[in-house]
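The values are calculated or read from the model by the stated rules, or taken from the named source; none is laboratory data. Source: prediction; values computed, not measured. Every residue, glycine among them, receives a Cβ derived from its backbone with ideal geometry; neighbour counts consider all protein chains shown. Please note that ligands, DNA and RNA were not included when accessible areas were found on the heavy atoms of the full protein model with its side chains. Shrake-Rupley method; radii C 1.70, N 1.55, O 1.52, S 1.80 Å.
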Amino acid sequence: MAERRPDRTRGPRHDEFWAFCDKGELRVQSCAACGRLSWPVVDECEHCGSPELSWAKMSGRGKIVSWCSFEYDYYKGTLPIPYDTILVELDEGPMFVSNPKGFGFRDIEIGMPVKLAFLACEDEGGAFQLPVFERA
Ligand SMILES: [Zn+2]
């Protein structure tokens, strides 16, 4: 049973990101000009402005650097409250906002290693795989 989620941001580059997720891959944009990674999705490299971007596959490993438990109903009932959000520093460098899988904020220690998992979800655009993180 897919979890109902707020609508994703859509568009050509966003749709490419979600297509990789549907294949079980977490990818972020890599710049052909400077070699650095950009996240969230951009039209031009966030470091040098080049539009020459490809998708680099992430290892799915990282560590929690911050977290927040939301108690306000920002999504008008789409997400049951409270819900936990984590900020994961991927081993490759980008900071990735996500949700914890299999643990809650009371279990979190800053620096805790995590690994990528996917959660079957749906929004107005249909079914999709949401990248989340579980204990490594
Ligand atoms: Zn660049």
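Numbers for the structure displayed
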item	result
Length-normalised contact order for the chain - Cα pairs under 8 Å, 6+ apart - percent	26 percent
Rounded to 10°, Cα long-axis angle of helix 12-22 versus longest principal axis of the chain	60 degrees
Cα-centred dipole magnitude for the chain, charges only on beta-carbon of K, R (+1) and D, E (-1), debye, nearest 20	320 debye
Ratio Rg/Rh, restricted to the stretch 27-68 and using Cα atoms, in which Rh is the Kirkwood radius	1.06
The stretch 78-136 - Kirkwood radius from inverse mean 1/r over Cα pairs (Å)	12.5 Å
Exposed-loop-free span, longest in the chain, where chymotrypsin sites (Phe, Trp or Tyr not before Pro) count as exposed if DSSP calls them loop and at most 14 other C-beta atoms lie within 10 Å	1-71
Set of lysines with alpha-carbon distance to Lys23 below 26 Å, sequence-local pairs under 8 removed	Lys57, Lys63, Lys101, Lys115
Inter-label distance for Asn99 and Arg4, nm, one decimal - labels placed 7 Å from Cα along Cα-to-Cβ	1.3 nm
By accessible area with a 1.4 Å probe, ligands and nucleic acids excluded, highest first: order of Thr78, Thr9, Thr85	Thr9, Thr78, Thr85
Accessible area in square angstrom per residue, the stretch 1-112, 1.4 angstrom probe	60 Å²
Gap separating the Cα centres of the stretch 100-115 and the stretch 12-64, nearest whole Å	24 Å
Potential extension, Cys34-Cys48 segment - 0.36 nm per residue separation minus Cα distance	4.3 nm
Förster radius 22 Å - calculated FRET efficiency between Ala56 and Glu124 (Cβ-Cβ, nearest 0.05)	0.15
Along principal axes, Cα extents of the chain, largest first, whole Å	42, 35, 26
Heavy-atom accessible surface of the chain: percent carbon and sulfur, 1.4 Å	49 percent
